[in-house]
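Before any comments, here is the structure.
Throughout, read-outs are computed from the coordinates displayed, never taken from laboratory work. None of these values were measured; they are calculated from a predicted model. No Cβ is skipped: glycine too gets one built from the backbone with ideal geometry, and neighbour counts run over all protein chains shown.
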Amino acid sequence: MHRISSTPRTGWQQTVREQGVSLARWDESACYVLDLGEVLRLEALTAELYDMCLAAARHVVEQGRYAEFGVPEWAVPAIQASLLSGAPSLCTRLDLWYDGHRAPKLLDCRSDVPGGLVETSIAQWYWLEQTRPDQDQWNNLHERLLAGWRAIAQGLRHPTVHFGWSQLDPAGGDELAAGYLAGLAEQAGLAPRLIPMHEIGWDGERFLDDESTPIVTCFKRYPWEWMIREPYGRVATAANAMTTWIEPPWKLLLAGTPLLATLWQLYPDHPNLLPAFPGRTLELPQPPSFSGNPVVLTSWMVSGEGGRTHTAGAGLRESGVDGYERFVPHYVTR
């Protein structure tokens, strides 16, 4: 993997804005180049790491180690039930330290409200088609997400799915991602309805939208970490709750230092893990730098038919002195 300069497309600002991407989070003055061999290795590693994360979640449930993840006791039954029942789930993003030479390392798992969906699946794909149509890309995220919604649709009680998002993102990324996923759900035969999370009501028995329609299924761009600390967190996770939440409550266990510490205990000295221990703040290594730009590789997993989960593509995020994370597109040499 290496980074090269790239000439931005004419009118690129309007193009990416129409695709639902914040200009502050997109940069096509450069791009990354990967070769097919390393992509295949990274795909295999992503699948292995995701399986390890699932094993870690099951271990937490079996051993009752919820306190390490900040989970209150009243939320434990919902986490157990959602994991053991195979509650519907869509996607997960794994953040990797990768410099193109040394062994990749897992930096984080974003499985509840992963960011970068639109940039990865749509924006960089059209960038490739318009700038390097003779090349390839590590990216079938759009197709995997559509297949994921089709699989989820088969098990839902009702075709209507509400899509909720947080308005706390100043760039509007959560709302744009909710809209994008709602469009995919519609293609999968579902009936999506968009609603900000703060407009969801409670009538004493069930959650309702702004038209007093019961919310049977809700895909939320809003983290469980917040929900369990808010007044309605208890009713959202109650055993008699009438709403199916996507992502499910067990995704609380796939995040942060507690997950990395559990992984290190289960797989000590694994070459693709960082040393991490319960109760200690993890000192993350500095991201590898390309032309002075620190970068993190994000690799995606998407659930599909029969509960199988598939690798689905990758993105590259750079951080700069302005504090923003910039998404930089990539291509794969054929």
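Descriptive notes on the structure:
- The simple Förster model, with R0 at 22 Å and r as the Cβ-Cβ distance, assigns LEU266 and ARG308 a FRET efficiency of 0.50.
- Long-range HN-HN contacts of GLY313 with modeled amide H, under 5 Å: ASN140, TRP300
- The 3J(HN,Hα) values that the Karplus relation (6.51, -1.76, 1.60; θ = phi - 60°) gives for segment 111-118 are, in residue order, 10, 9, 10, x, x, x, 4, 5 Hz. Gly and Pro appear as x.
- For ASP51 and TRP226, the FRET efficiency from 1/(1 + (r/R0)^6), where r spans their Cβ atoms and R0 equals 25 Å, is about 0.35.
- A compact globular protein would have a Cα radius of gyration near 2.2 N^0.38 Å; the ratio found for the chain is 0.99.
- Sorting 246-252, 308-314 by average packing, meaning the other beta carbons within 10 Å per residue, from highest down gives 246-252, 308-314.
- Helical segments meeting 24 Å axial Cα length and Kyte-Doolittle 0.0 threshold in the chain (DSSP H): 36-63
- The modelled label-to-label distance between ARG9 and ARG334, using points 7 Å beyond Cα along the C-beta direction, is 1.9 nm.
- Virtual paramagnetic centre 7 Å along Cα→Cβ of ARG206, amide N under 13 Å, in segment 242-277: 242-244
- Of LEU168, LEU156, LEU141, the one that fluctuates the most in a GNM where the chain has Cα springs shorter than 10 Å: LEU168
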